[in-house]
Amino acid sequence: MLNQKPAPSTDTEYRSPVIRIEPSPVAIVALLILVAGLWVLNRLLPVILVLVAALIIVGTISPAVRWLEERRMSRGMGIGIVFTALTMVAVLILTLTIPTLMAQVTTLLDLEPALRSRLAKWLAGSNLTNPLAELLRNVHSGDLVRMAASNAYEYSTRAIEICAYILSSIFLALYIMIDRDRLRGGLFLVVPRSHHIRLSRVMLNLETIVSGYIRGQVITSAFMAIFVFLLLKACGVSNALAIAVFAGAVDVLPYIGALLSVGAAVSAALPHGPTIIIVVLVLMVLYEEFESRVILPRIYGRALRLPSSVILFSLLAGSVLLGMVGALLALPVAAAVLMLIEELRVELPGQQEQAEDVEIRERDDRGEEEYERRAEGMPAEQAAAIAVEIATDRHKEENTLTKTDAPG
C-alpha cells in the first residue's frame, strides 16, 4: 500500500492576505481640508449665488455700457443710463401685471362657486369621474383661503428673503461696474503675468456667454408673450396684454415657468366657458412642448455653442442639484466649463493634437510677447487694460476669420 500524506491544513494553505490601508498624514490633512471646504461652501451658498447673479448682471449690461462709451459718453453716465432703463422696464412690467393678476384672482374667487358647480355637474355625467364631482362639491373656497392664510407668514418671509438677495445682487453688480478697473487690477495681481492674456480671453468669453444667455432668455420670453397675447386675443379673453407680459416674464423660470404661464392663461379663460378653456389649455401645452423641444435647443445652441443633448442634460442636472436656481444657472455654467477646457488647453483623454492647435498655441505665444513688451513696468490696472485690449483685438480677428471661412 502507498502511504498517503495527510492533506495540508486549510488554515495555512488558503489564508487570505490582509490588506491594510494606512493613509499618510498628508492625505488625512487634505481630506479634512476638503471636508471643511465643502462645509464652508455649503454655508456660504447664498453669498456665492448673490455673487454669481451680480456677475451675470455685469455681463449682461457691459455690452450696452461699452456701446455708450464708444459714442463718447462717460462710463459713469453710461452705467447710470443702463441701470435706469432696466429699472423702468422692471417697474413697467410690475405695473402691467401685478394689479391685473390681483384683479384676476379676485374675479376667480367670486366666480369660484359657479365654476365649481358647473365643473362638478359635468364630471357627474360619467361613472368614471363621478367621485371627482363629489370631491369638488365638498371643497369650499373658504377652506383654500384659510390654508393660504395659515402659510402666509412663511411665504412672506421667503419672499422678503428672495427680494433681499435680488437687491444685494443688483447693488453688488453696480459696485463692480463702477470700480471695474481697480477690481480687475487686483485680480491680475494674483495671477502670474504669463497668464494675463489668457485670463483676459476667459473674462471676455464669459461676458460673451452671459450676454448670449440673456439674449436667448429675452428672445424666448418675447416669443412666449407674443403667442399668449395672440391666443388670448383670438379667444376674446380680457386682459390679454397683462397675462402675456406675465407669461413672458415667468418663462425665464425653468419648469415652474411653464406651469405659471399655462395657469395664468387658463385662469383668464375660465369665465368664457369650457370650449375656450380647452382650446387655451391645449394650445398652451403644445407651445410649451414646442418651446422646450425646438426653440430652446436652437436658440441656446447658437448663442452658447452647446449641443442639444448638453442643454437638456445641463438643465436636468442643475435642477436636481440646486433646484430652480441650479436650472437657471445650468446653461451658462455648462458653456463656461466647455470654454475653460478650450481656453486653458486642457487635453482630454483620446484627444490628438491638430494643426489648428499648433497655430492657436503660436498665437498665444505672440500675444504674450506683445503684452510683455507693452506692459513692462506698468501698474496692475494699466497692464490689465492692455491685456484686455489685446484679447479683444484677437477675439474680433478670430470672429472675422470664422465668418470668412463659413460657407455661403
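The values are calculated or read from the model by the stated rules, or taken from the named source; none is laboratory data. Since the structure is predicted, the reported quantities are computational estimates derived from the model, not experimental observations. Because the Cβ atoms are built from the backbone with ideal geometry, glycine has one as well, and the counts that use them run over all protein chains shown.
Looking at this structure, is SER126 of a type in the set (Ser, Thr, Tyr), at pLDDT 80 or above and not assigned by TED's automatic domain parsing to the domain that holds ILE214? No; evaluated as a whole, the condition is false for this residue.
Of the residues making up segment 255-276, just one is assigned to a loop (DSSP other than H, G, I, E, B) and either aromatic (Phe, Trp, Tyr) or closer than 23 Å to GLY326 by Cα (or both), namely TYR255. In this entry, LEU206 passes the filter for residues that are among the hydrophobic types (A, V, I, L, M, F, W, C) and assigned to a helix (DSSP H, G or I).
Return yes when VAL333 is touching a helix residue (DSSP H, G or I) at 6+ places or on another chain (Cβ under 8 Å), within 22 Å of ARG201 (Cβ to Cβ), in the same structural domain as HIS195 (by TED's automatic domain parsing) and of a type outside the set (D, E, K, R) and no when it is not. Criteria met by VAL333. Of all residues in segment 285-329, those that are of a type in the set (Gly, Ala, Ser) and loosely packed, with under 15 Cβ neighbours inside 10 Å total 3.
Rundown of residues vs (1) modelled with pLDDT under 80; (2) over 32 Å from the mean Cα position of the chain (by Cα); (3) not assigned by TED's automatic domain parsing to the domain that holds SER74, yes/no style:
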{"residue": "ASP110", "(1), (2), (3)": "yes, yes, no"}
{"residue": "VAL139", "(1), (2), (3)": "yes, yes, no"}
{"residue": "GLU154", "(1), (2), (3)": "yes, no, no"}
{"residue": "GLU161", "(1), (2), (3)": "no, no, no"}
{"residue": "SER169", "(1), (2), (3)": "no, no, no"}
{"residue": "ARG193", "(1), (2), (3)": "yes, yes, yes"}
{"residue": "VAL202", "(1), (2), (3)": "no, no, yes"}
{"residue": "GLY212", "(1), (2), (3)": "no, no, yes"}
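Among the residues of segment 256-278, the ones that are of a type in the set (Val, Ile, Thr) and either crowded, with 16+ Cβ neighbours inside 10 Å or not assigned by TED's automatic domain parsing to the domain that holds GLY216 (or both) come to 4 in all. Only one entry in VAL279, VAL294, VAL252, VAL310 is assigned to a helix (DSSP H, G or I) and closer than 29 Å to MET102 by Cβ, namely VAL279. Are there any pairs, at least 6 apart or on different chains, whose C-beta atoms fall under 9 Å, with the first in segment 75-98 and not assigned by TED's automatic domain parsing to the domain that holds ALA247 and the second outside any helix (DSSP H, G or I) and among the hydrophobic types (A, V, I, L, M, F, W, C), and if so, which? Cβ pairs passing all conditions: ILE81/MET73. Counting the residues of segment 221-236 that are β-branched (Val, Ile, Thr) and buried (at least 20 other Cβ atoms within 10 Å of the Cβ) gives 1.
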